[in-house]
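Worksheet for the structure shown next.
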Amino acid sequence: MKRLMRMKEGKVLGGVCGGIGTYFEIDPVVIRILWVVLTLLSVGIGVIVYIAAWFLMPEEGAGTEAAGTTGS
């Protein structure tokens with residue numbers, strides 16, 4: 001099952017656009033360009049949405065490190 005997550009590798013700022021690109025199987029550069037254009041057209045609302053997505057989207061691999069430990 002695919003999950004929407006921020007990218008760890010290949011990220012430019014927070015990995016949000018890379019994660020969205022990976023989820024929809026689109027080049028992250030295309031997502032970044034669209035995000036900038038939409039941000040400029042919406043007078044900066046895209047910046048607020050990006051920051052919110054940065055905090056709300058889990059980072060790639062988050063939660064998998066602790067899954068294999070037993071706490072011994």
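The values are calculated or read from the model by the stated rules, or taken from the named source; none is laboratory data. Everything numeric here is computed off the predicted structure, so don't read it as measured data. We place every Cβ from the backbone using ideal geometry, glycine too, and count neighbours over all the protein chains shown.
Kindly establish whether L40 is exposed (fewer than 11 other Cβ atoms within 10 Å of the Cβ), free of Cβ contacts under 8 Å to residues at least 40 places away in the same chain and not in a loop (DSSP other than H, G, I, E, B). Give the steps one after another, and end with the answer.
Working: exposed (fewer than 11 other Cβ atoms within 10 Å of the Cβ): yes; free of Cβ contacts under 8 Å to residues at least 40 places away in the same chain: yes; not in a loop (DSSP other than H, G, I, E, B): yes.
Judged against the criteria, L40 is a match.
Quick test of your reading of the structure: A53 fulfils all but one of (1) at pLDDT below 85; (2) surrounded by 12 or more Cβ atoms within 10 Å (Cβ to Cβ). Name the failing condition by number.
Failed condition: (1).
Does E60 satisfy the condition of being touching a strand residue (DSSP E or B) at 6+ places or on another chain (Cβ under 7 Å), of a type in the set (D, E), at negative phi and at pLDDT below 85? Full working, then the answer.
Values: touching a strand residue (DSSP E or B) at 6+ places or on another chain (Cβ under 7 Å): yes; of a type in the set (D, E): yes; at negative phi: yes; at pLDDT below 85: yes.
It is true that E60 is touching a strand residue (DSSP E or B) at 6+ places or on another chain (Cβ under 7 Å), of a type in the set (D, E), at negative phi and at pLDDT below 85.
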